[in-house]
1. Could you order peptides 376-384, 345-353, 400-408 by the average number of other Cβ atoms within 10 Å of their residues, highest first?
2. Here are labelled values, (1) 51; (2) 55; (3) 59, and one is the computed percent of Cα pairs over 27 Å apart for what I pasted. Which one?
3. Please compute the contact order of the chain in relative form: average sequence separation of alpha-carbon pairs under 8 Å and at least six residues apart, divided by the residue count, as a percent.
4. Under a point spin-label approximation (7 Å from Cα along Cα-to-Cβ), what is the residue 252-residue 4 distance to one decimal in nm?
5. Ranked highest first by average number of other Cβ atoms within 10 Å, how do 364-373, 93-102, 181-190 line up?
6. Strictly greater than 19 Å: what percent of every Cα pair in the range 242-384 meets that?
7. With a point put 7 Å past each Cα toward its Cβ, work out how far residue 156 is from residue 140 in nm, to one decimal.
8. Pop the C-beta distance of residue 427 and residue 63 into the FRET formula with R0 = 56 Å and round what comes out to the nearest 0.05.
């Protein structure tokens, strides 16, 4: 974001020559450099620079090494940047003079962002220490969003997380009083009550998918959040991965013609026998991720659906594998999820002109291919993925809180449709939630 320190820098840069060209980094390039907290879009940042009246020309920086290209292209005599980059651009002395300008003391974009946000997020979970650990690590990359504490009744998890969180309690109400928002990775059957209590306490909620195990409960919670002007977001990190988002844009732009099928597979090896107290079965653990491309590409108005589940132990009532077939007006989709079963975790989207292939594990990919009948027309796409998309998910959540509007990459209708699939699974298999 442009602030007073930047303006002073531009004023001093202007004095160094007769014609000032200002480079503004693109959003994509910022993300590859780890800058994920942009407060303004590229267009807004360009306009902000233009409004200063100091720039004779503005260019967009889109790739590493572009500075050398631009120096040559524009016949630059002096390259200048803030003194916080001293030494970083000495290599440009081969092409022009490099000048490091002193920063305006006491002004920092990072500090401004942190002061503006100061969002204290409490974590809630009992068994998924792996995911909780990942989230704690990713908060480092999000300015102003801090882990306030952890609520868990799992003693082992308390010990594991004691060095990562400042505060641990087994009382949910106690955690709510110490934070502004919560991230829930509790048991799926506990989500509804916990989300409702958090929203009633005026807290924003980021919840590991599925939000609830029934469509009506999901719709009710979104209504409460809207009424209280709070943010309720579903956490599916894949939705925030750059490659996945570019894939959706290409498909929707007609790159492979009309989509006729979506096939998504998500599986992981898992010892159900040693985790009998856990209800993150195949459908709840992997279902939301696998369903995401189906609903985001084909929509939620399917004509027919069929679920087939295999259980390793009927008493445990945890599905080791579930296959879901959808029939749309002019397309089909198949989702396969397994926990304790391993299959090739790929995503294939077929169209009338070509198809998109995303290799395993597609849910955290940085690469995909668009393939055609003539292989000479095939194209590969590569996008950097940092933190499996978690840090971008947290940023979206924090920005939504700050701006007072939902910044989720997952439509509310998609979240409710995912909950509806969960409900169908439990009803058809006669599984009671306790």
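1. Most protected by this proxy first, the peptides run 345-353, 400-408, 376-384.
2. Looking at percent of Cα pairs over 27 Å apart for this model, the match is (3).
3. Once normalised by length, the contact order is 14 percent.
4. Between residue 252 and residue 4, the label points sit 4.1 nm apart.
5. Descending packing order for the listed peptides: 181-190, 364-373, 93-102.
6. Distances greater than 19 Å cover 53 percent of the Cα pairs.
7. Placing both labels 7 Å along Cα→Cβ, they lie 2.6 nm apart.
8. Efficiency, from the Cβ-Cβ distance: 0.60.
Computed from the coordinates by the stated procedures, all read-outs in this text should not be read as laboratory data. Computed from a predicted model, the values in this text were never measured in an experiment. Note that each Cβ is placed from the backbone with ideal geometry, even for glycine, and that neighbours are counted across all protein chains shown.
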